[in-house]
1. Yes or no: residue 1 at pLDDT 90 or above, of a type in the set (D, E, K, R) and touching an Asp or Glu at 6+ places or on another chain (Cβ under 8 Å)?
2. Going residue by residue through region 60-73, is there one that turns out to be surrounded by fewer than 18 Cβ atoms within 10 Å (Cβ to Cβ) and assigned to a loop (DSSP other than H, G, I, E, B)?
3. Based on what the data block shows, is residue 124 open to solvent by less than 40 Å² (accessible area, probe 1.4 Å) and assigned to a helix (DSSP H, G or I)?
4. Output the residues belonging to region 177-195 that are of a type in the set (A, V, I, L, M, F, W, C), closer than 12 Å to residue 20 by Cβ and open to solvent by less than 40 Å² (accessible area, probe 1.4 Å).
5. For residue 57, work out the one condition from (1) open to solvent by 50 Å² or more (accessible area, probe 1.4 Å); (2) over 16 Å from residue 161 (Cα atoms) it doesn't fulfil.
6. Does region 74-83 contain any residue that is of a type in the set (Ser, Thr, Tyr), touching a residue at least 60 places away in the same chain (Cβ under 8 Å) and farther than 23 Å from residue 165 by Cα?
7. Identify, from the list 46, 92, 82, the residue that is in contact with a strand residue (DSSP E or B) (Cβ under 8 Å, 6 or more places away or on another chain), open to solvent by 50 Å² or more (accessible area, probe 1.4 Å) and of a type in the set (Phe, Trp, Tyr).
8. Residues that are of a type outside the set (Asp, Glu) and at pLDDT below 85: does region 102-112 have at least one?
Amino acid sequence: RETSGQEIIKQCTGRDVPLVCDPTLLLETSDWDKVLSREKVPQEEYVFCYFMGDNPEQRDFAKRLARKCNLKIVALLHLDQYIASDEKYIDYAPYDISPADFVNLVKNARFVCTDSFHGTVFSIIFSKDFFTFRRFNKKASLSTNTRLFSLLNKLELTDRLFDGSESVENDMSVQNYSEVQKVLASFREASIHYL
């Protein structure tokens, strides 16, 4: 599901292998709709924040976006580690969230801000306006950035990668999701065929 994995296989075996979809992308939107939770979604419009890393500038971006659009911030907190500053930027922090609840929170958000691969994946599945941030710096040994880069590159969405310093005054919505969904459908079909 990422170009770095392709390179490792090439180095180890000498074989070229295709890039395939993450398993979550093998299902279509209608498939995910069948497993969605119908509860725990705020009635107000909101920005859904799903941050794994400790990067304050990304939370600041979400606050500026919510303020500009008059939205609440819903976030899942302390996912990989306790981050004290997380308590200060959100309006709602639901706990005891199932996987179906998580998908539902993405689907019903006005915007999604995330540094997570799967936060990005579900934003794309549901054609959400999303902002993906780098969780790790370029030198981090445990970085999962390559998964994000491979996905965004494959779906021609590299303009959705942010660092948090950007202005929210511009229209930063995904401009053409019908084209993105066509590319995704082709990627899904090729992956299923190969698998």
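1. No, not satisfied.
2. yes
3. When the stated conditions are applied, residue 124 passes them.
4. 187, the sole residue that qualifies.
5. Among (1) open to solvent by 50 Å² or more (accessible area, probe 1.4 Å); (2) over 16 Å from residue 161 (Cα atoms), residue 57 violates only (2).
6. No, every residue in region 74-83 fails to be of a type in the set (Ser, Thr, Tyr), touching a residue at least 60 places away in the same chain (Cβ under 8 Å) and farther than 23 Å from residue 165 by Cα.
7. 92
8. Checking region 102-112: not a single residue is of a type outside the set (Asp, Glu) and at pLDDT below 85.
The values are calculated or read from the model by the stated rules, or taken from the named source; none is laboratory data. As the structure is a prediction and not an experimental result, all values here were calculated from the model. Cβ coordinates were reconstructed from backbone atoms using ideal geometry, including for glycine residues, and neighbour counts include every protein chain displayed. The area values use the complete protein model at the heavy-atom level, side chains included, leaving out ligands, DNA and RNA. Shrake-Rupley method; radii C 1.70, N 1.55, O 1.52, S 1.80 Å.
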